[in-house]
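Reviewing the structure listed below.
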Amino acid sequence: MAIPQRVPEAFLRTASPLPPGSAPLQRSAATVARVSRICARPGCRRHASATLSYAYADRVVWVTDLTPDGHPMTHDLCDEHAATIRVPRGWELRDERDTALVLPFAATA
C-alpha cells in the first residue's frame with residue numbers, strides 16, 4: 001500500500017490557476033450578495049429600489065419592488081423617480097410595491 005505524501009506548503013502557496021502576476025480577489029459573501037443597481041433615469045445616480053415594466057397592448061405600467069435580476073425590458077428606478085412616475089394619457093399606473101413611498105421631494109434648480 002502506498003503512503004500518500006504530504007504536499008510541501010511552499011508548493012501550495014505558488015500553485016494557482018491564476019495567470020502569473022495576478023492576485024486572487026478577496027470578497028466576502030456579503031459583498032457578492034449586495035450588488036446594487038442604479039436608477040435608469042438619465043443623470044440619476046441613486047440606488048434603485050423599484051422596477052418599472054409595461055404592456056403596450058394593455059396600456060398598463062407597473063411599478064413593483066426591485067426584482068432580483070435586471071432585465072432589458074424593465075427599468076430600475078430610485079425611490080424618488082418611482083414615487084413621481086407619470087404615464088401617458090389613457091394609460092393605467094399600477095403601483096404594486098409592498099412599501100410604496102410617497103416622499104416630499106424638493107425641486108432642485
Log10 I(q)/I(0) at q = 0.13, 0.18, 0.19, 0.21 Å⁻¹ for segment 35-98, from Debye over equal alpha-carbon scatterers, is -0.32, -0.60, -0.67, -0.81
Neighbouring Cβ atoms within 10 Å as the yardstick, rank Ser49, Ser36 fewest first. Ser36, Ser49
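Values quoted throughout were computed directly from the atomic coordinates according to the rules given, and no laboratory measurement underlies them. Treat the numbers as computed from the prediction; the structure is a model and nothing was measured. We place every Cβ from the backbone using ideal geometry, glycine too, and count neighbours over all the protein chains shown.
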